[in-house]
Amino acid sequence: MRSDTHSSGSETVPAAWAGLTPAAVREHALGRELALRRGEHPHAERIIRRGLIVGSAIVVERAIPSGFARVRELLAAAEREGRSFPDGLAVVAEELSSGRGRFRRAWHAPSGGIWLTLALSGSLTDASARLLPLAAGVAVCEAVREIAGDACLKWVNDVMVGGRKCAGILIESERRGGEDFFIAGIGVNVNNREFPPEIEDTAISLAQACGRDLDLSAFAVSLMGKLAWNIGLLHDYDEVPASMPEGMPPVAVRWLALSDTIGRRVAFAHDLDRGVMYEAVAESLAPDGSINLRLDDGSLVNEVSGELRYL
């Protein structure tokens, strides 16, 4: 796999993505992103360099069925050919014809959005790996906030703008060639303005939120810079555990600052399409990224996975 941007087959890279290269991601991360972070952490450069694996290789595709399937194809090819796989490889597609979200729900992914699938080696400790969904959510929310200032996170990592979903994230694991990988699928509605009837009242794009189309390549570079920072935070926490309030890892502290979930009355289920399991108040985030829910009878339930609906 070459460490540069290219498209599948003999097609040329779409013009909208011409500026999306590993060099551009690295330059942005060590330039603008690092400058933004210096006030947040005394060792900002160390942290962002630990996250510079993000975008180490970038594959741009015009239209594919699934980013997850494409990454798995690339992993299988590397295993078959005895090649090392570039940690942080990103597949970016103009369109996904069979995109999916949690519980294998269809994911509307037409031209105009950012449909990014990132492959990361399983080098995090188990404790930090459990925080990867939060870290990805924080990165996406931070990128969206630079365009739509009122963006916030709903547990675990749905990015909401004006109460409507702008972005979603799904993380899965894969083992190839004796190595473990995390595959993160990130979908952001950017310039796509039309949605299927079943989600048109609950979804929103950045173009709708700010009233103008955005440069997809520039937004993707910014997003990868923020992923580099937040994934770097996880690696740094593994190496140099921080002293945080109540033992909260830095990524969890940042998630709390961006989320509007805590204190809300919610309906909870492992899969809301199958019905609500119970109602509760979202009381607190645990250090491992799980959520503590206070039931009406006063008991406290900790949920590691599932989904919420605000009431």
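Since every read-out is calculated from the coordinates, none of them should be taken as a lab result. Treat the numbers as computed from the prediction; the structure is a model and nothing was measured. Using ideal geometry, Cβ is built from the backbone for each residue, glycine included, and neighbour counts are taken over all protein chains shown.
Annotations for the structure displayed:
- Spherically averaged projected area of the range 262-310 from its Cα convex hull (nm²): 3.1 nm²
- Compared with the alpha-carbon gap, the fully stretched path from Ile262 to Ala76 is longer by 62.8 nm at 0.36 nm per residue.
- DSSP beta bridges confined to the range 78-208 are antiparallel in about 95 percent of cases.
- Taking amide hydrogens as placed 1.01 Å from N in the peptide plane, the amide H of Ser259 sits under 5 Å from those of Leu153, each at least 5 positions away in sequence or on another chain.
- Each Lys and Arg Cβ is given +1 and each Asp and Glu Cβ -1; about its Cα centre, the range 59-198 then shows a dipole of about 340 debye.
- Förster radius 51 Å - calculated FRET efficiency between Ala15 and Ser299 (Cβ-Cβ, nearest 0.05): 0.35
- The mean sequence distance of close C-alpha pairs (under 8 Å, at least 6 residues apart), as a share of the length of the chain, puts its relative contact order at 18 percent.
- For Val190, distant residues with modelled amide H under 5 Å away: Gly113, Ile114, Leu206
- Cleavage-rule hits, trypsin sites (Lys or Arg not before Pro), the range 165-205, DSSP coil, Cβ neighbours within 10 Å at most 16: Arg193
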